Amino acid sequence: MRMTETLCGVALATSLIFGGATQKGGVSDVVVQLAALPLLALVLPDVGRTLATRGWTAVLLGVVIAVPLLQLIPLAPSVWSRLPGRDAIADTYRIAELAPPWLGLSVAPWATSMSLLALTAPIAIFLGVMSCHADERRRLMLLAACIGVATVLLEVMQIVQGPKSALRFYSPADVGLFVNKNHTAAFLYSLTPLAAYALERYLSRRSAYGVIAVFALFMLFTLGLMMTASRAALLFGLASAALAYALILGDRLGGARAGKAAIYFVIAPALIVTGVLAPYFGLSQIIDRLTGEDVAADVRWTVLRVSFETMQGFFPLGSGLGTFDRVYPLYEPTSVILPAIVNHAHNDIVELAMELGLVGVLLVLCWLAATMIAAVRNFSESDVALRKERFAALIVVGLLFAHSTIDYPLRTSALAAIFAMCCAIVCKNRSSRSARCDERQARTELVHEL
């Protein structure tokens, strides 16, 4: 096992275990960032070589780091007071009869600094996975899957022990290692295609044991999704499961008789058992929420409308990364009474546009274009294993992005780590050395299959 894989595993595991909170600057965030520093120190000397064949990746990564740093540069009062959205700050100093200080583009430099530090782990994992070989990436997926299994078992223990359970670390709800049930659901549906691909490859693509293990894991993750009672669990979970089934079964339907028999005698019972158990694990509650609640009256739409107005007030320069909860109350109408403090816009595109301005919008558009290019390249890939790996990563990237239009899953360090790992897989180019290693691995697997 190489040092890169070891440190990647440490950073990934720490992010998934301690990165379930959404507020930045806490002790758990510090633990995640400290765990990522050794990996970052290891991969930084090779960053130029790693990104040499992916110029657009280097540019996007550089912009992501540079923009928050630029937002922290102090500006003269005569400059920042003329920026969009700074009237309230200038009025505060004028009413208090205080001389305005030098301030940066960010209205809350501390929040921007914490959000910038929170990028340490995702960036380190992205660069680390870019340096890993196929078998190393597969083992990282299996590591994440093991933590996913532990999360489901933790959910069960939280339910069994009741509201006073000492295992409810971040939230009084039954949400495993996360604060929010939607983020627990996002974690589990993200792991489904990754774990399916890694486990199926690890146990040999024509082994009946591999099929049984994959569908056992599907059942466990599906029941874990139902226990979250999240509407996102049903919507995105079903999409993830369907795409993961297509990923695994795509090349088996025309395979050997043993492979077909494994499918017929495993997939049907697995689906039947999952369907029977799902209502008892929370499916009925999710359906009641979908049919009984007025979606149009959801408070998220009010938050999104006010967030869009806030974004317009600070456009095109933005208010500063991580400053949403500081500037949102300035635009929230007094006639609207929400049941809780609004920490996020429930739409990461709008929130990024508010915090980073026009640059945030351009970053999202450039990332979308790069992902589409990678998707097209995936379908023309001649290596079946690499094509399936990229397809599994694309499933996760696509689902998390879609989820980010109605929630904020990527604001957690855990899901940001999963997202970073999958983005690295999608945009990775095989060097000649890694290609030879992957070919040797494929030949070894073929020998075991025969």
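The values are calculated or read from the model by the stated rules, or taken from the named source; none is laboratory data. What you see is a predicted model; the values in this text were computed from it and never measured. As a convention, Cβ positions derive from the backbone with ideal geometry for all residues, glycine included, and neighbour counts pool all protein chains shown. With ligands, DNA and RNA removed, areas are computed over all heavy atoms of the protein, side chains included. Shrake-Rupley method; radii C 1.70, N 1.55, O 1.52, S 1.80 Å.
Screening Ala99, Ala58, Ala66, Ala36 for residues that are out of contact with any Asp or Glu (no Cβ under 9 Å at 6 or more places or on another chain) and outside any helix (DSSP H, G or I) leaves exactly one candidate, Ala99.
Of all residues in region 72-99 being of a type in the set (Lys, Arg) and open to solvent by 80 Å² or more (accessible area, probe 1.4 Å), which is nearest to the chain's Cα centre (by Cα)?
That would be Arg82.
If you go through region 397-412 and pick out every residue that is part of a loop (DSSP other than H, G, I, E, B) and aromatic (Phe, Trp, Tyr), you end up with 1.
In region 1-26, the residues that are aromatic (Phe, Trp, Tyr) reach residues that are assigned to a helix (DSSP H, G or I) with C-beta atoms within less than 7 angstrom, at least six apart or across chains, in these pairs: Phe18/Ser28; Phe18/Val31; Phe18/Val32.
Would you check if there is a residue in region 31-46 being open to solvent by 40 Å² or more (accessible area, probe 1.4 Å), of a type in the set (D, E, K, R), touching a Lys or Arg at 6+ places or on another chain (Cβ under 9 Å) and in contact (Cβ under 8 Å) with a residue 12 or more places away in the chain? Steps first, please.
First, pick out the residues of region 31-46 that are open to solvent by 40 Å² or more (accessible area, probe 1.4 Å): 31, 34, 37-38, 41-42, 44-46.
Restricting the remaining residues to those that are of a type in the set (D, E, K, R) gives 46.
Still in the running and touching a Lys or Arg at 6+ places or on another chain (Cβ under 9 Å): none.
No, because not a single residue in region 31-46 is open to solvent by 40 Å² or more (accessible area, probe 1.4 Å), of a type in the set (D, E, K, R), touching a Lys or Arg at 6+ places or on another chain (Cβ under 9 Å) and in contact (Cβ under 8 Å) with a residue 12 or more places away in the chain.
The C-beta contact set for region 151-171 (first residue modelled with pLDDT under 75, second residue of a type in the set (Lys, Arg), distance under 9 angstrom, 6+ apart or interchain) comprises Ser171/Lys181.
One residue alone among Val156, Val152 is open to solvent by less than 10 Å² (accessible area, probe 1.4 Å) and either out of contact with any Pro (no Cβ under 8 Å at 6 or more places or on another chain) or under 26 Å from Thr57 (Cα atoms) (or both), and that residue is Val152. Is it fair to say Ser15 is modelled with pLDDT of 90 or more and under 15 Å from Ala416 (Cβ atoms)? Taking the combined requirement at face value, the residue satisfies it.
Picking from residues in region 117-142 that are open to solvent by 30 Å² or more (accessible area, probe 1.4 Å), more than 16 Å from the chain's Cα centre (by Cα) and under 21 Å from Gln33 (Cβ atoms), the one that is modelled with the lowest pLDDT is Ser131.
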